[in-house]
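Worksheet for the structure shown next.
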Amino acid sequence: MRNVEQYLLDKIRQNGSIHFTLIDPEEMISSKIVDIVEYLEMAGTTAIMVGGSTVASISQLDDIVKLIKGNIKIPVILFPNNLTGISKFADAILFMSLLNSNNPYFITGVQALGAPLIKQYGMESLSLGYIIIGEGSTAAYIGQAHSIPHDKSEVAASYALAAQYLGMHFVYLEAGSGSKKPVNAEMVAMVKQNLEIPLIVGGGIRTEAEARAVVEAGADIVVTGNLLEEDTVADRRIDRILAVIREAGKKRIKENCH
Ligand code: 1GP
């Protein structure tokens, strides 16, 4: 796919909100991946993100990206944790800065190391301000984040606005994969009120009610990852979550028209 960003913006405009599936190459058994991504594409996920906080093997990542790309048409977007999160076989990369890290390596350092590789691969780069919310996640630990507490919505809103003014194209509020507490609706709403670029929300979203709450509060893109490991494909929970995101997205479009 050539212009992933335009494709995503069109999908958000048409649907009000969209869903990304996160595949962690270290958590997912390759034999299951093809069935799962084919199913998710059919069920209506908009893109597959590939990455995880501890991805260490580029060859394993390459194999998984190739496998996914060979079986679906929706874009495969890298969600890198480090230099080892870059595979030349993906359609695009979330070129992200962990805005609330205490370590400049995660804000601009690894980006400078990775940029020449992205250019060499001719890969589309989606500029993203990444903001970690709440304590205790692997992402917060590895990224040495100065995590924003769940009740400090105004701090999250300031970081998000800073991302926009720095020229970034997307903002991601991350509660951490497998988190017991997703980003709350109040924080999503306050961030969105002050933002003109698309807002991605993820981490710990497992139920229809949680997905509905973040979309109604203003999330343009909802990410789920861990959910896949709970056999939600088999029990159709993933379909119900996608349906809720579609329904709440449509409602947002209607409200914005009035
Ligand atoms: C993690 O936000 C994503 O980076 C998804 O989180 O795995 O908890 O769905 P989950």
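For segment 172-187: of the residues being outside any loop (DSSP other than H, G, I, E, B) and within 13 Å of the ligand (Cβ to nearest atom), which is nearest to THR224 (Cα to Cα)?
Once the filter is applied, the top-ranked residue is GLU174.
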Next on the checklist: I'm trying to understand the selection: among the residues of segment 148-171, which are within 14 Å of the ligand (Cβ to nearest atom) and of a type in the set (Phe, Trp, Tyr)?
Outcome noted: PHE170
Next on the checklist: Regarding segment 137-152, can at least one residue be identified that is of a type outside the set (D, E, K, R), under 14 Å from PRO80 (Cα atoms), open to solvent by less than 40 Å² (accessible area, probe 1.4 Å) and in contact with a helix residue (DSSP H, G or I) (Cβ under 8 Å, 6 or more places away or on another chain)?
Outcome noted: yes
Item to check | Which listed residue is touching a residue at least 24 places away in the same chain (Cβ under 8 Å) and of a type in the set (A, V, I, L, M, F, W, C), from ILE131, ILE107 | outcome: ILE131
Next on the checklist: Looking at segment 243-253, can you tell me whether even one residue there is crowded, with 17+ Cβ neighbours inside 10 Å, outside any strand (DSSP E or B) and within 14 Å of the ligand (Cβ to nearest atom)?
Outcome noted: yes
Next on the checklist: Please determine whether any residue of segment 204-218 is under 17 Å from the mean Cα position of the chain (by Cα), closer than 23 Å to GLN111 by Cβ and not in a helix (DSSP H, G or I).
Outcome noted: no
Next on the checklist: Can you tell me how many residues within segment 82-103 are open to solvent by 20 Å² or more (accessible area, probe 1.4 Å), closer than 13 Å to TYR172 by Cβ and either in a strand (DSSP E or B) or out of contact with any strand residue (DSSP E or B) (no Cβ under 8 Å at 6 or more places or on another chain) (or both)?
Outcome noted: 2
Next on the checklist: Could you go through segment 165-182 and let me know if any residue there is open to solvent by 40 Å² or more (accessible area, probe 1.4 Å) and without any contact (Cβ under 8 Å) to a residue 12 or more places away in the chain.
Outcome noted: yes
Item to check | Residue count for segment 188-203, restricted to those that are in a helix (DSSP H, G or I) and closer than 23 Å to ASN226 by Cα | outcome: 1
Checklist entry - Within segment 55-71, is even one residue closer than 29 Å to GLU247 by Cα, out of contact with any strand residue (DSSP E or B) (no Cβ under 6 Å at 6 or more places or on another chain) and part of a loop (DSSP other than H, G, I, E, B)? => result yes
Checklist entry - In segment 233-242, what count of residues is obtained for those that are part of a helix (DSSP H, G or I) and open to solvent by 70 Å² or more (accessible area, probe 1.4 Å)? => result 1
Checklist entry - Could you say whether any residue in segment 36-58 is free of Cβ contacts under 8 Å to residues at least 12 places away in the same chain, surrounded by fewer than 21 Cβ atoms within 10 Å (Cβ to Cβ) and among the hydroxyl-bearing types (Ser, Thr, Tyr)? => result no
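So that you can scan it fast, the table gives a plain yes or no per residue for (1) within 14 Å of the ligand (Cβ to nearest atom); (2) closer than 19 Å to MET96 by Cβ; (3) buried (at least 18 other Cβ atoms within 10 Å of the Cβ):
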{"position": "LEU199", "(1), (2), (3)": "yes, yes, yes"}
{"position": "ALA211", "(1), (2), (3)": "yes, no, yes"}
{"position": "VAL214", "(1), (2), (3)": "yes, no, yes"}
{"position": "GLY218", "(1), (2), (3)": "no, no, yes"}
{"position": "VAL223", "(1), (2), (3)": "yes, yes, yes"}
{"position": "ASP231", "(1), (2), (3)": "no, no, no"}
Next on the checklist: Considering only residues that are open to solvent by 50 Å² or more (accessible area, probe 1.4 Å) and without any contact (Cβ under 8 Å) to a residue 40 or more places away in the chain, which ones fall in segment 9-34?
Outcome noted: LYS11, ARG13, GLN14, GLU26, ILE29, SER30, SER31, LYS32
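The values are calculated or read from the model by the stated rules, or taken from the named source; none is laboratory data. Just so we're clear, the structure is a prediction, and the values are computed from it rather than from any experiment. Quick reminder, even Gly has a Cβ in these numbers, built from the backbone with ideal geometry, and neighbours come from all protein chains shown. For the accessible areas, the whole protein counts, side chains as well, though only heavy atoms, and no ligand, DNA or RNA atoms are used. Shrake-Rupley method; radii C 1.70, N 1.55, O 1.52, S 1.80 Å.
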